[in-house]
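Quick notes on the structure that follows.
The values are calculated or read from the model by the stated rules, or taken from the named source; none is laboratory data. Everything numeric here is computed off the predicted structure, so don't read it as measured data. FYI the Cβ positions are ideal-geometry reconstructions off the backbone, even for glycines, and counts take in every protein chain you see.
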Amino acid sequence: MGIEATQALLTVDLGAIVANWRDLRARHAPGEVAGVVKADAYGLGAAEVGRALCDAGCRTFFVAHLAEGMALRAALGPGPRIAVLNGFPPGADEDAALVPVLNHLGDVAAHAARPPEAGAILHVDTGMARLGLDAKELAVLAEDPGRLGGIRLLAVMSHLACADEPAHPLNARQAARFAEACARLPPAPRSLANSSGIFLGADYATDLARAGCALYGINPTPDQPNPMRQVVTLDAPVLQMREIASGDTVGYGATWSATQPARVATVALGYADGYLRSLSGRSAGTFQGRPIRLIARVSMDLVTFDATDHPELRVGDRIRVIGPERTPDAIAADAGTIGYEILTSLGPRYRRVQLPG
Ligand SMILES: *Cc1c(COP(=O)(O)O)cnc(C)c1O
């Protein structure tokens, strides 16, 4: 057996990511759609995802941290624009190859002192109350636009808090506040929608949408069928099979017991791989397209499945734990979280394979 035989296989379909980007771009036309590749492209590999999107024509990327931006720049070369959502830390001034998002007046002052050709994106808060200029800071800047110095404003952006709930009244309020804010600032391209915002319609269409989750196959319209293509499959190998008797228990805490003679498959996957412990006894996989039930507690490196109804299952076979049959969104529902957390939790121990873009 090769070493991979005991390793779970994570397959990332870069072609599906590119198809999702093209789909979003068509929906958001004539505006551009940037690729949000923070947190290693939601766990799927920022360098690989970035290259595939770049090749497809994506010109703008967003990361959260400066270090993520530098790594992406090294992977993509000088072409595309890479913006850093969390802003630059003090002392990062020279890094004109990346675009800081200016989140408060202190950021504006720091950036105004940089070389004038270095562009920046100005973030105004319209209802999230995390980052971005608040109403008071916006008023100060609107009164005194000289504070921008020679800053080349590549965009003014804001971020929607409830875009995945189309009926939420905060959406319209944020769109109106954003339009007001832009009207009070020097003219610049506008950027409002995240993935879900793209689906909110024309009032939310701007020059630049910032799409993350939908690129990676997460449903941006949770109340409706998923319009995006699935991107991720995770296949984990069976390490051992055993027969147990009625009444025998399985795993930590002995939380599952057989009510009849059973076959148990022990699989190389655990919470250290991002297969959340809260899935214990609450999820399933598939083998040869048929469901196979997860039983007992998820432990650090191992999970167990009830293979009683799968007499053909053997050591070395792989159980599919993420795929079209059980999407990250479905697993998130089992675990009481969101698909974003399932993807960003995917661990470093997988053998990773990218299908070409
Ligand atoms: C993460 C993030 C996005 C992308 O959001 P998705 O819901 O994944 O599309 C867009 N804008 C900002 C400011 C973000 O932090």
task: Scan the stretch 110-137 residue by residue and report those that are among the charged types (D, E, K, R) and away from the ligand (no atom under 12 Å from the Cβ).
output: ARG114, GLU117, ASP134, LYS136, GLU137
query: Picking from ASP164, ASP203, which residue would you name as being surrounded by fewer than 23 Cβ atoms within 10 Å (Cβ to Cβ), touching a residue at least 24 places away in the same chain (Cβ under 8 Å) and within 9 Å of the ligand (Cβ to nearest atom)?
result: ASP164
- prompt: Does any residue of the stretch 233-254 turn out to be within 16 Å of the ligand (Cβ to nearest atom), within 28 Å of VAL63 (Cα to Cα), touching a residue at least 24 places away in the same chain (Cβ under 8 Å) and within 27 Å of the chain's Cα centre (by Cα)?
  reply: no
- prompt: Applying the selection to the stretch 98-130, what residues are part of a loop (DSSP other than H, G, I, E, B), in contact with a strand residue (DSSP E or B) (Cβ under 8 Å, 6 or more places away or on another chain) and farther than 27 Å from ASN171 by Cα?
  reply: LEU98, PRO116, GLU117, ALA118
Which numbered condition THR308 misses (of (1) more than 16 Å from the ligand (Cβ to nearest atom); (2) farther than 21 Å from THR6 by Cα; (3) part of a helix (DSSP H, G or I)): (3)
message: If the requirement is being in contact with a Cys (Cβ under 6 Å, 6 or more places away or on another chain), closer than 30 Å to ASP203 by Cα and at pLDDT 95 or above, which of these qualifies: GLY127, GLY31, GLY35?
response: GLY35
statement: The one condition ILE82 fails out of (1) outside any helix (DSSP H, G or I); (2) more than 16 Å from the ligand (Cβ to nearest atom); (3) in contact (Cβ under 8 Å) with a residue 12 or more places away in the chain is (2)
field: Residue within the stretch 323-342 that is part of a strand (DSSP E or B) and small (Gly, Ala, Ser) present
entry: yes
task: Just name the residue that is nearest to the ligand (Cβ to nearest atom) out of those in the stretch 169-194 that are over 28 Å from ILE151 (Cα atoms) and surrounded by 15 or more Cβ atoms within 10 Å (Cβ to Cβ).
output: ASN171
